[in-house]
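Asks: What follows is a structure written as structure tokens; I'll ask about it next.
The values are calculated or read from the model by the stated rules, or taken from the named source; none is laboratory data. The structure presented is a predicted model; accordingly, all values stated were derived computationally and were not measured. Ideal geometry is used to build each Cβ from the backbone, glycine not excepted, and the neighbour counts take in all protein chains shown.
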Amino acid sequence: LTDWLIEYTFVRPHQSLGYLTPWAYYQSAARVSPMWSSRTFSCSLESIVIKCAAPQYHNAMRWLRGRHMAATMKNIDTDNEVVTRVYEAGYHILPTVPEADVEKVVAQIRSEIEKLGGTFIAEGAPSLIKLAFSMDKREGERHIAYDRGYFGWLKFEAATDSAGKLTEILKANPQILRSIVYKTLREDTRAKFKAPQLREVKRTDTIKSAPKRTPVTEEKEAVSEVDLEKALETLTAE
């Protein structure tokens, strides 16, 4: 009953009161009239005036007012609370950037994250890799395709609105070829790849080379013309 009374008095608007809550209407109407020397109420609040005469009503209103102020302060604290998420930013730095200046570009990205109130969790140092496909970058009036880039990543925790802001900042950086910012987990989610190991095979016996076989040539006797004629006569006679 108490929760319903709070909602009815302080939260729920009423059409008959101009879509105000009873408490808001009471505060706007319960004031000293400039036409009279004493404090008066409007006729529409006669029922409230009668109830105000009872001390129990004053005590109830004082208690409800305290509950209402506590709920209001709680809502203000909830509204001001900053919700944070864990994000990861991956980027490709142009291969034309000198290797000595790559760390300066990464320092700029870190600085932008710190300005957004982010805290770092992990980082992958950029390294020059060959891209799976060529990527275009507009430089002035030209589009230049690159098949390599310095790839790196940063994992950080920041407010929910910082992901979109950081995405626009990375897109506007002329030294970054491509970038992406997405929500992830605090734990390490990267797959562990083991380098292939060559298995050593031990042989106890030495391998001996087999002797080469010399091809055997059969000596064929020459056929005389007499034997050849006899063979032909035999075939024709059959």
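Asks: Residues that are surrounded by 12 or more Cβ atoms within 10 Å (Cβ to Cβ) and in a strand (DSSP E or B): does region 167-174 have at least one?
Replies: No, there is no match, as no residue in region 167-174 is surrounded by 12 or more Cβ atoms within 10 Å (Cβ to Cβ) and in a strand (DSSP E or B).
Asks: Taking the options 70, 122, 132, name whichever one is part of a helix (DSSP H, G or I) and either at pLDDT below 90 or loosely packed, with under 15 Cβ neighbours inside 10 Å (or both).
Replies: On the way: 122 fails: part of a helix (DSSP H, G or I); 132 fails: part of a helix (DSSP H, G or I).
On inspection, the qualifying residue turns out to be 70.
Asks: Report, by residue number, each residue of region 154-165 that is more than 14 Å from residue 186 (Cα to Cα) and surrounded by fewer than 21 Cβ atoms within 10 Å (Cβ to Cβ).
Replies: Step one: list which residues in region 154-165 are more than 14 Å from residue 186 (Cα to Cα), which gives 159-165.
Scanning region 154-165 gives 159, 160, 161, 163, 164, 165.
Conditions (1) at pLDDT 90 or above; (2) closer than 30 Å to residue 83 by Cα, marked per residue:
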{"site": "102", "(1), (2)": "yes, no"}
{"site": "140", "(1), (2)": "no, no"}
{"site": "150", "(1), (2)": "yes, no"}
{"site": "156", "(1), (2)": "yes, yes"}
{"site": "160", "(1), (2)": "no, yes"}
